[in-house]
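Peer 1: Pasting in a structure now, in structure tokens, and then I'll have a few things to ask.
The values are calculated or read from the model by the stated rules, or taken from the named source; none is laboratory data. No experiment lies behind these values; they were computed from the predicted model shown. Here Cβ is always computed from backbone atoms with ideal geometry, including for glycine, and neighbour counts include all displayed protein chains. The accessibility values were calculated without ligands, DNA or RNA, using every heavy atom of the protein model including side chains. Shrake-Rupley method; radii C 1.70, N 1.55, O 1.52, S 1.80 Å.
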Amino acid sequence: MTTVHRITPIPENCVYTSCYCEENVWKLCEFVQKERTAPLEQLFVVFISNDKRMIPLWKQKSGHGDQPVIWDYHVILLQVRPQSDSLVYDLDSILSFPCSLRLYGATAFRSDRHIRPEYHRKLRVIPADSFLLNFASDRSHMRNPDGTWKMPPPPYAPIQTAESQMNLDDFISMSPADGWGTVYSLDHFLLTYTGNPSTASSSP
């Protein structure tokens, strides 16, 4: 097995808060930027959602057996390396960290061909430097109507920019007219970054 140069801490040492995947990935990007463990231009933040905000993902820590977890959205970090397989960093997955995109595609994404259209995945791919520069969240989406937290927030201050305190919806939206980056169908994403439109049809 090829040894992968680690660009992040081991998972146990990463900044992680359950149900705040967008901030966990922001912190991974921040680490790489500060520590210069990889060229930042190799890194892309990938928001996975759809118009219904119902997307299945397999191999998630909160899953049961071979059943998928249905998220409203999920966020992973993609490293696109020259002359090598692209890698996925997903702190909520039971797969290796990092994991090859081919394996992640085959086992975590699987395929849209055998699931109902309302569950088909779309992916917004944003360069890491753009994400670090533009993302902001006041975490209001994680509050109940009475102001209590649905899940405890991260211990650090909310991520904000000079222009915004909250623009998470612009990243979750899968309308190409919104936000930053490029929106792909699942097949187009896999074709672009692995050369194979459906890794689910090949053995892991």
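Peer 1: Return the single residue from K52, K61, K34 with maximal mean-square fluctuation; model: Gaussian network over the chain, springs between Cα atoms under 10 Å.
Peer 2: Of K52, K61, K34, the most mobile in the Gaussian network model is K34.
Peer 1: Something else now. On the accessible surface of region 82-145, probed at 1.4 Å, how many percent belong to carbon and sulfur atoms?
Peer 2: Accessible surface attributable to carbon and sulfur in region 82-145 totals 52 percent.
Peer 1: Residues of the chain: accessible area per residue at 1.4 Å, in Å²?
Peer 2: Per-residue value: 51 Å².
Peer 1: Can you compute the helix-only [θ] at 222 nm over the chain? Use -39500 (n - 2.57) per DSSP H run of at least 4 residues, normalise by all residues, nearest 500 deg cm²/dmol.
Peer 2: -5500 deg cm²/dmol
Peer 1: Within 10 Å, count the other beta carbons around each residue, average over each peptide in 183-193, 95-105, and list them highest first.
Peer 2: Put in order of decreasing packing, that is 95-105, 183-193.
Peer 1: Quick one: among Y119, Y156, Y73, which has the greatest mean-square fluctuation in a GNM of the chain with alpha-carbon springs under 10 angstrom?
Peer 2: Y156
Peer 1: Evaluate the charge dipole of region 17-127 about its Cα centre and quote only its size in Debye, nearest 20, assuming +1 on the Cβ of each Lys and Arg and -1 on the Cβ of each Asp and Glu.
Peer 2: The dipole of region 17-127 has a size of about 240 debye.
Peer 1: Here's another thing I want to ask about it. Can you check what the Kirkwood hydrodynamic radius comes to for the chain, Cα pairs only, in Å to one decimal?
Peer 2: On the way: mean 1/r = 0.0575 Å⁻¹.
For the chain, the Kirkwood estimate is 17.4 Å.
Peer 1: Let me ask something else. Length gain on complete extension for the stretch E163 to R6, per 0.36 nm per residue less the alpha carbon to alpha carbon distance?
Peer 2: The E163-R6 span can extend by a further 53.2 nm.
Peer 1: Fully extended, how many nm does the chain gain between E41 and I115 (0.36 nm per residue separation, minus their Cα-Cα distance)?
Peer 2: Gain on stretching E41 to I115: 23.3 nm.
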